[in-house]
Structures are given as C-alpha cells and as structure tokens.
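Novice: This is the structure, below, for whatever I ask next.
The values are calculated or read from the model by the stated rules, or taken from the named source; none is laboratory data. As the structure is a computational prediction, the values presented were derived from the model and not from experiment. We place every Cβ from the backbone using ideal geometry, glycine too, and count neighbours over all the protein chains shown. Just so you know, the surface numbers come from the protein's heavy atoms only, side chains and all, with ligands and any DNA or RNA stripped out. Shrake-Rupley method; radii C 1.70, N 1.55, O 1.52, S 1.80 Å.
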Amino acid sequence: MPGTGIVIVGAQWGDEGKGKVVDLLAENADAVVRFQGGNNAGHTIVRDGEEFKFHLIPSGILYPDKLCMIGNGVVLDPRILLGEIDGLKRRGIDVGNLRISANAHLIMPYHVLLDTAGEVKLGKLSIGTTRRGIGPCYADKALRLGIRVQDLLDEKILRKKIMAALEPKQQALRELSVQRRKLRKEAGEGSREGADQSVAEAPDPRLDLHAMTEEFAAYGHRLEPHIADTAKLCWEELDAGRRVLFEGAQATLLDLDHGTYPFVTSSNPIAGAATVGAGVGPGDIGEVWGVAKAYATRVGAGPFPTELSDATGRHMLERGHEYGTTTGRERRCGWMDLVALRYAVRLNGMTALTITKLDVLSGLDPLRVAVRYRSREGAVFDEFPYHQSILHSAEPEYEDLPGFDADLGACRSEDDLPAEARAYLERIAEFAGVPIRLAGVGPGRDEVVWIGGNPGVL
Ligand code: IMP
C-alpha cells in the first residue's frame with residue numbers, strides 16, 4: 001500500500017508558488033513538515049485577503065489543528081524563526097502546534113558573514129546567494145562542526161561547540177577581509193584603506209564567543225517548548241494512516257547534486273531528500289506533486305536557456321510580480337522550458353503537476369515552450385544536458401502554441417478556461433508525461449482550477 005506522505009517540490013528554479021499548493025493540500029492533511037533549506041525560502045500565502053510571508057515556518061501553520069514541523073534537514077536561524085513566531089502571535093495565530101527537530105542545524109552569525117564574504121570574493125563569478133548563511137551552515141554540518149537545535153538547551157555544550165566552530169571562521173573571515181583590502185587597493189580605492197584596515201583588525205563584536213553563547217542560550221529558552229523528535233512524530237502520523245505533507249523549499253534545478261551546479265543551493269530540494277530531511281522511509285511517500293509556473297523564473301546567477309530580456313520577459317515580471325519574497329530581487333523571466341520540466345518530473349518521480357500563474361500569460365501570443373536545446377556546435381539535446389558548458393550556451397528550440405487574451409481570474413473550472421489555455425496545459429502534461437491536477441489563475445487561495453475536479457482526498 002502506498003504511504004500517506006505527499007511531497008511537494010519545486011519543478012523549476014524556485015518561487016513556483018509551492019506555499020499556496022501546500023496551503024491548499026494542507027486542508028486535508030494532518031501534518032506539514034519542512035525537510036530542507038532555511039530562510040533562503042519565502043512563501044507567500046493570501047488568506048481572506050490577508051497576506052502572510054513565511055521563510056521558515058511551514059505554510060500549514062495557518063491551520064490550528066495541524067502539526068507543523070521543521071525537520072532535521074532544515075538549517076534554522078533562530079532569530080528569524082522567533083521573529084516569525086512573534087509576528088504570527090501578534091496577528092492572533094496560534095503556534096502551539098509548531099515542532100522543531102532537535103537535530104536541525106543552526107545558522108550562526110558567522111555563517112551569514114561567511115556567505116556574504118564568499119560572494120564578495122567571487123565578484124563577477126558570484127552565485128547570487130540569498131546571503132542568509134545557508135551554504136556555510138550546511139558546510140559546517142558536513143564538517144561535523146555544526147551547532148544543532150538540541151545544543152541550545154545546555155549552555156556548557158553550546159559554548160564548547162561554538163568555540164570549536166568559531167576559531168576557523170575568525171581566521172577565514174580575517175583572510176577574506178585582507179584579500180578584499182588588497183583588491184580595493186589594486187582598484188585604486190586607497191582612500192577607504194585606512195578605515196577598512198582598522199575594521200579588519202578590530203575583533204568583530206558579532207563574533208564574540210560569550211555574547212554569542214548567551215544570545216543563543218536565550219533563544220533556546222524561548223524555543224524549548226517547540227523542540228521535539230520530529231522524525232518520531234512523522235512516524236506516528238504515518239503509522240496511524242494520517243496524511244503528512246512534506247513541504248519542499250527552493251527547487252529541482254537548484255538541487256546541490258542534480259541542479260545547475262555551482263549555481264544551486266546547498267541542500268537537496270528534490271523529493272528523495274524528504275526521507276533524509278524528515279527521517280522517514282521511501283515507502284512512506286505515496287505521492288509527489290511538482291509545482292511549476294506557466295513560464296519560468298530564476299533569481300541569482302546561472303544558466304537559464306529560455307530567459308527573455310525583451311518586452312515579453314517584462315510582461316512576465318510585471319504581471320507576475322516577479323520580485324523575491326526573501327531578497328526583493330527582480331527575478332529573471334522566460335518561457336516554459338519543457339526539457340527541464342521533464343527532467344524534474346523524472347528526477348522527483350512526480351505523480352502530479354501543478355501549474356501556477358497561468359493568468360500571467362494572458363495577452364501573449366504565441367505562447368512558446370522549449371522542446372529541445374541546440375548547442376553552439378549544433379548538437380541537438382532532447383534531454384537536459386549534464387554538462388555545464390553545454391547548458392550555459394544552449395539555445396532552446398521552441399514550439400509555438402496559440403495564446404489567449406481573456407482574464408483568467410474568475411475561472412474556477414476547466415470549462416471556464418479558454419480553449420487555448422486548456423491546450424497549453426494539455427501540451428505541458430503530454431510532454432512532461434504526468435497529469436496536471438491544478439492550475440493557478442490568481443494569487444488568492446481560491447483562484448485555482450482543479451483539473452479533473454478537486455480530488456478532496458488530497
Ligand atoms: P542560497 O540558497 O542562499 O545559498 O542561494 C543559492 C542559489 O539559490 C541562489 O541562486 C539563490 O537565488 C537561489 N535560491 C535560494 N533560495 C531560493 C528560493 O527560495 N527561491 C528561488 N531561488 C532561491
């Protein structure tokens with residue numbers, strides 16, 4: 001019997017609107033758990049005209065009766081989490097059902113500093129990270145120098161662990177700062193040299209062991225009622241036949257192993273990672289829902305074969321309000337890339353697709369979808385190429401489909417959609433090899449069209 005777990009993953013480069021899909025599916029679920037990433041994510045949910053933005057807390061928190069978990073695979077900045085908890089409380093939302101894995105790793109102040117310093121050092125080659133400390137935190141986890149949520153509960157252990165982790169960071173940050181000064185000097189920015197030097201040589205107050213230990217121990221006191229063995233809580237739900245949603249952050253093409261490395265995040269946002277990041281088995285997963293926009297967007301650097309820098313791209317940016325929830329950055333926009341989408345479908349073992357923001361395409365004609373790539377040398381790629389250099393220079397080959405002008409905002413069933421919009425969805429499903437179950441036609445929770453009807457059971 002298939003498990004009762006449903007994983008929801010991003011099928012493109014993130015910001016596909018996973019939060020809204022999780023919010024909808026959560027209605028018929030018993031628990032929601034995040035399994036990777038950190039506050040690099042940003043989910044916006046519009047509920048009764050009120051907007052909620054989450055970076056860490058699973059979107060299911062708006063349901064008072066659902067267990068909401070932050071799994072062991074997440075990297076957690078306690079300051080951000082407490083800010084979100086306080087914000088929700090102020091708006092009268094009960095957070096009593098929030099559980100945080102004792103094994104989740106903490107983003108420390110030095111991770112944030114290192115993330116920024118690393119990006120500055122890379123200069124033109126920078127990844128365009130969210131600078132939230134994600135990469136350095138996962139690096140410490142792999143180095144076994146990480147600080148975990150459970151460490152917050154014992155000040156002595158906390159101090160020892162911070163001390164061990166801090167020393168190499170101080171050295172690395174000092175070296176990075178010296179390199180920066182050198183570069184500035186070479187670039188002729190001598191006037192800033194003096195001030196810069198004194199900053200580099202003074203101990204950074206943000207890296208003081210005692211202050212950091214005290215600050216984090218205080219966070220521990222506040223978070224203690226929420227700290228739990230979340231893997232066990234997931235088993236209890238699943239073993240009782242209850243429905244658990246595994247909420248992915250970021251997306252397939254940002255996956256550390258399978259995405260457009262090195263322009264990726266430092267975790268695995270694909271469905272398989274839900275097992276590791278939440279502590280369940282592959283057999284616990286019954287369904288994998290992928291979420292893709294009706295077009296494509298990307299923030300940060302890295303290859304994006306269907307990117308548009310013309311009026312059509314501008315249309316998508318403006319009509320789709322394509323500005324990052326976390327960093328406010330303008331997103332790069334382009335046509336739907338079916339080669340990449342089919343890759344994501346297979347990689348995640350998707351059982352269903354959700355296509356969001358279909359309404360944004362209204363007014364564009366024709367609608368183009370990439371169906372293969374051509375390399376600079378003329379080689380044809382029907383599949384997503386594994387080689388980075390090919391992807392960087394790949395030119396998409398498009399299939400054109402008729403566009404539509406109608407405003408889709410009021411559509412609530414397949415029959416309400418213009419024939420061209422239906423044909424567009426059908427072509428995507430056919431090419432990707434997976435059924436589309438849901439299409440988004442506006443930002444609101446009810447602005448959706450269930451394809452084949454609302455399954456209710458999900
Ligand atoms: P990091 O996750 O902050 O290390 O950033 C690595 C890459 O992932 C950058 O290109 C970011 O723009 C991208 N990224 C991280 N989180 C998100 C997200 O939630 N949506 C879209 N892109 C993201």
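Novice: For I127, which of the numbered conditions (1) at pLDDT 95 or above; (2) more than 27 Å from V280 (Cα to Cα); (3) within 12 Å of the ligand (Cβ to nearest atom) fails to hold?
Specialist: Tallying (1) at pLDDT 95 or above; (2) more than 27 Å from V280 (Cα to Cα); (3) within 12 Å of the ligand (Cβ to nearest atom), I127 fails exactly one: (1).
Novice: Given A344, A311, A340, A352, which one is free of Cβ contacts under 8 Å to residues at least 24 places away in the same chain and either buried (at least 18 other Cβ atoms within 10 Å of the Cβ) or not hydroxyl-bearing (S, T, Y) (or both)?
Specialist: Details: A344 fails: free of Cβ contacts under 8 Å to residues at least 24 places away in the same chain; A340 fails: free of Cβ contacts under 8 Å to residues at least 24 places away in the same chain; A352 fails: free of Cβ contacts under 8 Å to residues at least 24 places away in the same chain.
Going through A344, A311, A340, A352 in turn, just one is free of Cβ contacts under 8 Å to residues at least 24 places away in the same chain and either buried (at least 18 other Cβ atoms within 10 Å of the Cβ) or not hydroxyl-bearing (S, T, Y) (or both): A311.
Novice: Sticking with this one: Search segment 78-113 for residues being within 11 Å of the ligand (Cβ to nearest atom) and part of a helix (DSSP H, G or I), and hand back the single one that is most open to solvent (accessible area, probe 1.4 Å).
Specialist: Going through the qualifying residues, I end up with V112.
Novice: For segment 130-156, which residues satisfy the criterion of being open to solvent by 60 Å² or more (accessible area, probe 1.4 Å) and within 14 Å of the ligand (Cβ to nearest atom)?
Specialist: R131, R132, K141
Novice: Could you list, in sequence order, the residues of segment 355-388 that are open to solvent by 60 Å² or more (accessible area, probe 1.4 Å) and out of contact with any Lys or Arg (no Cβ under 7 Å at 6 or more places or on another chain)?
Specialist: D365, R368, R372, R374, R376, E377, E383, Y386, H387, Q388
Novice: So, one more: Given the structure, is E330 in contact with a strand residue (DSSP E or B) (Cβ under 9 Å, 6 or more places away or on another chain) and open to solvent by less than 10 Å² (accessible area, probe 1.4 Å)? Give the steps one after another, and end with the answer.
Specialist: Numbers: in contact with a strand residue (DSSP E or B) (Cβ under 9 Å, 6 or more places away or on another chain): yes; open to solvent by less than 10 Å² (accessible area, probe 1.4 Å): no.
No; evaluated as a whole, the condition is false for this residue.
Novice: Here's something else I'd like to know. Taking the residues in segment 221-256 that are within 14 Å of the ligand (Cβ to nearest atom) and among the acidic types (D, E) as candidates, determine which candidate is farthest from H55 (Cα to Cα). Explain how you work it out, then say what you get.
Specialist: Of the residues in segment 221-256, the ones within 14 Å of the ligand (Cβ to nearest atom) are 247-256.
Subset that is among the acidic types (D, E): 247, 255.
Working: E247: 12, D255: 18 Å.
Only one residue tops the list, namely D255.
Novice: Let me ask something else about it. Going by the structure shown, is H43 within 16 Å of the ligand (Cβ to nearest atom), open to solvent by 10 Å² or more (accessible area, probe 1.4 Å) and in contact with a Phe, Trp or Tyr (Cβ under 7 Å, 6 or more places away or on another chain)?
Specialist: yes
Novice: Among the candidates K124, K160, which residue alone is more than 24 Å from the chain's Cα centre (by Cα), open to solvent by 70 Å² or more (accessible area, probe 1.4 Å) and farther than 29 Å from I61 by Cβ?
Specialist: Numbers: K124 fails: more than 24 Å from the chain's Cα centre (by Cα).
So the residue among K124, K160 that is more than 24 Å from the chain's Cα centre (by Cα), open to solvent by 70 Å² or more (accessible area, probe 1.4 Å) and farther than 29 Å from I61 by Cβ is K160.
Novice: Also, I was wondering about something else. Give me the residue from segment 20-40 that is part of a loop (DSSP other than H, G, I, E, B) and within 16 Å of the chain's Cα centre (by Cα) and, out of that set, nearest to the ligand (Cβ to nearest atom). I'd like the intermediate steps shown before the answer.
Specialist: As a first pass, look at segment 20-40 and keep what is part of a loop (DSSP other than H, G, I, E, B): 27-30, 35-36, 38-40.
Adding the requirement that they be within 16 Å of the chain's Cα centre (by Cα) leaves 35-36, 38-40.
Working: F35: 14, Q36: 10, G38: 8, N39: 9, N40: 4 Å.
Once the filter is applied, the top-ranked residue is N40.
Novice: Oh, and also: Just checking, does segment 59-71 include any residue being over 17 Å from the mean Cα position of the chain (by Cα), of a type in the set (F, W, Y) and either open to solvent by 10 Å² or more (accessible area, probe 1.4 Å) or within 30 Å of E307 (Cβ to Cβ) (or both)?
Specialist: yes
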